[in-house]
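A short write-up of the structure that comes next.
The values are calculated or read from the model by the stated rules, or taken from the named source; none is laboratory data. Just so we're clear, the structure is a prediction, and the values are computed from it rather than from any experiment. Virtual Cβ from ideal backbone geometry, glycine too; neighbours counted across all protein chains shown.
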Amino acid sequence: MLTQMRFDILTIFPDYFGAPLSCGLLGKAIAAGKVSVGVHDLRGWAEGPHRQVDDTPYGGGPGMVMKPEPIWKAIDAIRQDGGTRPLVVLLSPQGDVFEHRRARAYLESGRLLLICGRYEGVDHRIAEHVVDETLSIGDYVLAGGEAAALVVIEAVARLLPGVVGNPASVDEESFATGLLDYPQYTRPPEFRGWRVPDTLLSGDHAQIDAWRRAQAKALTQRKRPDLLERIRG
Ligand code: ADE
């Protein structure tokens, strides 16, 4: 089991990542040296006085396409640097959809290089010949891959031992078990007339476990029957 994880991000907006990488569990994991993140400005590998990273699409159409040369050079340079060879992932709505299983696989790789596309996308030769995989975080289109890169980093980093204080929370939560998580409640026992289920106040742990399992199953059946299908295989 790996105890450290390295992420590299290739972006035209390096400033985007300041606050998210310094807050909460992720900020703590970075400060503790469990997670390290290198943010690389793609323009550093672009040529010409304007350090141009995009160009008009062949065949016409709206918008701009990211040029292959700066991305290739950047990947080549970042790969050489820092020991472990990274798994190179291009973020794009055209990719495989991200889920828990893939977050686990990324953790096992030890090092990820996340390429953030912008504009109408990246020259397809990068997806076809350069990156290891293309990844989408869901069926919607973002302005660029930066927010998606943060989603991946957060989902993977919290699987590292010691990043989440209580390891049971990682093992028991939605998707790790294959089911959606059961509902949680805290004090007060009654709020605006809405009561916490009696079982949770009973102190009977066997009964509480059974209630939670039943709730998780019923919720999954109602909202994500596809997950149950998968468990039944
Ligand atoms: N870039 C734009 N939309 C995206 C998505 N849904 N997932 C990953 N990268 C993206």
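Does Gly83 satisfy being farther than 17 Å from Ile12 by Cβ, near the ligand (Cβ under 10 Å from one of its atoms) and of a type in the set (Gly, Ala, Ser)? Lay out the reasoning, then the answer.
Values: farther than 17 Å from Ile12 by Cβ: yes; near the ligand (Cβ under 10 Å from one of its atoms): no; of a type in the set (Gly, Ala, Ser): yes.
So Gly83 fails the test.
Residues of segment 123-148 that are near the ligand (Cβ under 8 Å from one of its atoms), within 26 Å of Gly83 (Cα to Cα) and of a type in the set (A, V, I, L, M): Leu135, Ala148.
Within this structure, Ser169 fails the test of being surrounded by 11 or more Cβ atoms within 10 Å (Cβ to Cβ), assigned to a loop (DSSP other than H, G, I, E, B), away from the ligand (no atom under 16 Å from the Cβ) and without any contact (Cβ under 8 Å) to a residue 12 or more places away in the chain. Residue-level check: of (1) in the same structural domain as Ile9 (by TED's automatic domain parsing); (2) surrounded by 15 or more Cβ atoms within 10 Å (Cβ to Cβ), Asp132 misses just (2).
Counting the residues of segment 96-129 that are among the small types (Gly, Ala, Ser), under 19 Å from Asp8 (Cα atoms) and in contact (Cβ under 8 Å) with a residue 40 or more places away in the chain gives 3.
Annotation note: Cβ proximity below 6 Å between a residue of segment 130-143 that is of a type outside the set (Val, Ile, Thr) and a residue that is within 6 Å of the ligand (Cβ to nearest atom) (sequence gap 6+ or interchain) occurs for Leu135/Leu91; Ser136/Pro93. Once segment 108-122 is narrowed to residues that are more than 9 Å from the ligand (Cβ to nearest atom), surrounded by 20 or more Cβ atoms within 10 Å (Cβ to Cβ) and not β-branched (Val, Ile, Thr), the residue that is nearest to Pro57 (Cα to Cα) is Leu114.
Of all residues being among the β-branched types (Val, Ile, Thr) and farther than 26 Å from Asp139 by Cα in segment 58-114, which is modelled with the lowest pLDDT? Just the residue, please. Don't jump to the end; show me each part of the working.
Step one: of segment 58-114, the residues among the β-branched types (Val, Ile, Thr) are 65, 71, 75, 78, 84, 88-89, 97.
Applying the additional criterion that residues be farther than 26 Å from Asp139 by Cα yields 75, 78, 84.
Working: Ile75: 98, Ile78: 97, Thr84: 90.
Here the answer is Thr84.
Among the conditions (1) surrounded by 17 or more Cβ atoms within 10 Å (Cβ to Cβ); (2) of a type in the set (S, T, N, Q); (3) near the ligand (Cβ under 10 Å from one of its atoms), Gln94 misses just one, which is (1).
Residues of segment 52-80 that are in contact (Cβ under 8 Å) with a residue 12 or more places away in the chain and not in a helix (DSSP H, G or I): Gln52, Val53, Asp54, Asp55, Pro57, Gly61, Pro62, Gly63, Met64, Val65, Met66, Lys67.
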